[in-house]
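Student: Below is a structure I'd like to ask you about.
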Amino acid sequence: MTRRAIRCGTWITMPEWQADALVLSTRPHGEGSAVVTVLTAEAGRHAGLVRGGSSSRMRGVLQPGNRVRASWRARLPEQLGQMQLELVQSIPALLLDDALRLAGLSSICALLDGSLPEREAQPELFVGTNALFDLISIEDSSNRWLEGYIRWELGLLDAAGFQLDLLRCAASGATDRLAYVSPRSGSAVAEGQAGEFASRMLALPAFLGGVACNRHDYDAGLSLTGHFLARRLFGAHNQDIPAQRRRLADMVTGIYGG
Amino acid sequence: MDNAVEDLIKKMARIPGLGPRSARRAALFLLQNRERLMVPLAREMNDVATRIRACADCGNLDTGDVCKICIDTRRDRSIICVVEDVGSLWAIERAAVFRGLYHVLGGTLSAIDGRGPNELHIDRLVKRTGHPEMAEVILALSATVDGQTTAHYIQERVAGLPVEVTRLAHGVPVGGELDYLDDGTLAQALKARGKLG
């Protein structure tokens, strides 16, 4: 925050900040500008008007998933304000050739853009998302970044106040032989405790502490987090889960589901 | 100011590149050159508006149901170049380096703009690609997240067909100096590097 003079001689505080940010979405505004939403650690999900955002020079900077240095200022805190962005690293450029990783990046940005409240600090989520961006940037034919992605979605649910309890069985309290997750409570259930409800339970992937299930871990993991994202995070606001997330799940099912 | 002139200025101000001020100047210029420019322009605009339509095959704009590119027998009918819009088609035609056919998608997949596969002419493209003559589909889409997501989606859709799917190279433009290139373009250029000679 800085102090600036106004003409009548009194001083007012004009809000402004500078921070490292991740571009989440860009919408054209008028003929030459764009409204850009970014994620920062301290300002959280924050939108601003980028003048000249539709220009060919800026279009590359405003791609979702880019790491940027953002400066925002407005006359009053409640205003949209103007944003200036400087490209730090273009993550999408590293993934354009890889359909699955590109779908993953789009899904991350769409989930953050669609679920986070505006202007609330998200230091942990920002650090986690940056780490996931690093992970997704690494070329890996076995797609191990998907494990990180699923853990990140659990973190997103946690940040929104919907933590899943995957460490102990909700029925017996046991911490081993966990196999399912209750679609209602989000708690783990041990292998023998599900009884007649076993077919209605969500599978707990091995990398999250589950015993081996009959689906691939990535497919099962995305079904698990997708269920709670749709029901708790987006369903609570009568919204559908973003199309980008659905596409990622479809692609993973296509690769690992059969 | 007369209402008719004001309406004209308002409508002209909606044209990309023209704001209210420049629309006023343009309208005034037209009015001052009525016989030489305004009347012939109005006639031509009316003529184009009534005669031009989207080609039933590729989506290009032309006077016939099927555009001149699609009916040109000298063009290579085994290659389709997929572009986002007619502007991209015109750009490739201007370069005069491609002698195949085109397919205009009508945009890219974009969740923010609410454009899914059903809003684009992808089904028609798959149908055209299934033609026995077809050998290659060139995806000339933007090097953006939306553009390349669309390219991957099309690749999935035509995966079972006996055609080669290629895309335009991404990298250093002609006359470009490495010092002025952004990191993303440099990364793409390095990834797509080729053997010299």
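The values are calculated or read from the model by the stated rules, or taken from the named source; none is laboratory data. Here the structure is a predicted model, which is why all the values come from computation and not from measurement. Here the Cβ positions follow ideal geometry from the backbone for every residue, glycine too, while neighbour counts run over all protein chains shown. SASA here: full protein model, heavy atoms, side chains in, ligands and nucleic acids out. Shrake-Rupley method; radii C 1.70, N 1.55, O 1.52, S 1.80 Å.
Student: Would the range B:129-147 turn up any residue that is out of contact with any strand residue (DSSP E or B) (no Cβ under 8 Å at 6 or more places or on another chain), free of Cβ contacts under 8 Å to residues at least 12 places away in the same chain and within 11 Å of chain A (Cβ to nearest Cβ)?
Tutor: yes
Student: Taking into account only those residues within the range B:1-48 that are acidic (Asp, Glu) and assigned to a helix (DSSP H, G or I), which is farthest from B:THR63 (Cα to Cα)? Even if it seems obvious, please write down each step before you answer.
Tutor: The first filter runs over the range B:1-48 and keeps only residues acidic (Asp, Glu), leaving B:2, B:6-7, B:35, B:44, B:47.
Next, from what is left, pick out any that are assigned to a helix (DSSP H, G or I): B:6-7, B:35, B:44, B:47.
Details: B:GLU6: 32, B:ASP7: 29, B:GLU35: 26, B:GLU44: 13, B:ASP47: 10 Å.
Going through the qualifying residues, I end up with B:GLU6.
Student: Taking into account only those residues within the range A:140-163 that are of a type in the set (Gly, Ala, Ser) and farther than 18 Å from A:ASP217 by Cβ, which is farthest from the chain's Cα centre (by Cα)? Even if it seems obvious, please write down each step before you answer.
Tutor: Restricting attention to the range A:140-163, the residues satisfying the condition of being of a type in the set (Gly, Ala, Ser) are A:141-142, A:148, A:155, A:159-161.
Keeping just the survivors that are farther than 18 Å from A:ASP217 by Cβ gives A:159-161.
On the way: A:ALA159: 10, A:ALA160: 11, A:GLY161: 14 Å.
Going through the qualifying residues, I end up with A:GLY161.
Student: Is it fair to say B:SER78 is in contact with a Gly (Cβ under 9 Å, 6 or more places away or on another chain), not in a loop (DSSP other than H, G, I, E, B) and not β-branched (Val, Ile, Thr)? Show your work before the answer.
Tutor: Numbers: in contact with a Gly (Cβ under 9 Å, 6 or more places away or on another chain): yes; not in a loop (DSSP other than H, G, I, E, B): yes; not β-branched (Val, Ile, Thr): yes.
Judged against the criteria, B:SER78 is a match.
Student: Output yes when any residue across the range B:152-162 is within 11 Å of chain A (Cβ to nearest Cβ), open to solvent by less than 30 Å² (accessible area, probe 1.4 Å), closer than 27 Å to B:ILE80 by Cβ and without any contact (Cβ under 8 Å) to a residue 24 or more places away in the chain, and no when none is.
Tutor: Looking for residues that are within 11 Å of chain A (Cβ to nearest Cβ), open to solvent by less than 30 Å² (accessible area, probe 1.4 Å), closer than 27 Å to B:ILE80 by Cβ and without any contact (Cβ under 8 Å) to a residue 24 or more places away in the chain, one finds at least one in the range B:152-162, hence yes.
Student: Sort out which residues of the range A:89-112 are modelled with pLDDT under 95, in a helix (DSSP H, G or I) and more than 7 Å from chain B (Cβ to nearest Cβ), and write them in order of number.
Tutor: A:ILE91, A:LEU95
Student: Can I ask one more? B:ASN60 passes all but one of (1) surrounded by 12 or more Cβ atoms within 10 Å (Cβ to Cβ); (2) under 30 Å from B:ALA91 (Cβ atoms); (3) polar (S, T, N, Q); (4) without any contact (Cβ under 8 Å) to a residue 24 or more places away in the chain; which number fails?
Tutor: With (1) surrounded by 12 or more Cβ atoms within 10 Å (Cβ to Cβ); (2) under 30 Å from B:ALA91 (Cβ atoms); (3) polar (S, T, N, Q); (4) without any contact (Cβ under 8 Å) to a residue 24 or more places away in the chain applied to B:ASN60, the lone miss is (4).
Student: Are any residues in the range A:71-88 buried (at least 18 other Cβ atoms within 10 Å of the Cβ) and facing chain B (nearest Cβ under 10 Å), and if so, which ones?
Tutor: Here is the first cut: in the range A:71-88, the residues buried (at least 18 other Cβ atoms within 10 Å of the Cβ) are A:72, A:81, A:83, A:85, A:87.
Of everything in the range A:71-88, just one residue is buried (at least 18 other Cβ atoms within 10 Å of the Cβ) and facing chain B (nearest Cβ under 10 Å), namely A:LEU87.
Student: Looking at the range B:163-184, which of the residues that are in contact with a helix residue (DSSP H, G or I) (Cβ under 7 Å, 6 or more places away or on another chain) and within 29 Å of B:ILE122 (Cα to Cα) is most open to solvent (accessible area, probe 1.4 Å)?
Tutor: The qualifying residue most open to solvent (accessible area, probe 1.4 Å) is B:ARG167.
Student: Just to verify a result, which residue in the range A:237-258, among those that are touching a Phe, Trp or Tyr at 6+ places or on another chain (Cβ under 9 Å) and aliphatic (A, V, I, L, M), is surrounded by the most Cβ atoms within 10 Å (Cβ to Cβ)?
Tutor: Top of the filtered list is A:LEU248.
Student: Turning to a different aspect of this structure: Just one of (1) under 29 Å from A:GLY44 (Cα atoms); (2) part of a loop (DSSP other than H, G, I, E, B) trips up A:ASP158, so point out which.
Tutor: Just one mismatch for A:ASP158, condition (2).
Student: May I pose another question? For the range B:113-127, name all the residues that are under 25 Å from A:ALA110 (Cβ atoms) and open to solvent by 80 Å² or more (accessible area, probe 1.4 Å).
Tutor: B:ASP113, B:ASN118, B:GLU119, B:ASP123
Student: Taking A:SER54 as the residue in question, decide whether it is of a type outside the set (Lys, Arg), touching a residue at least 24 places away in the same chain (Cβ under 8 Å) and within 14 Å of another protein chain (Cβ to nearest Cβ). Reasoning before the result, please.
Tutor: Numbers: of a type outside the set (Lys, Arg): yes; touching a residue at least 24 places away in the same chain (Cβ under 8 Å): yes; within 14 Å of another protein chain (Cβ to nearest Cβ): yes.
Judged against the criteria, A:SER54 is a match.
Student: A further question follows. What do you reckon, is A:VAL68 open to solvent by 10 Å² or more (accessible area, probe 1.4 Å), within 13 Å of another protein chain (Cβ to nearest Cβ), outside any helix (DSSP H, G or I) and β-branched (Val, Ile, Thr)?
Tutor: Answer is no for this residue.
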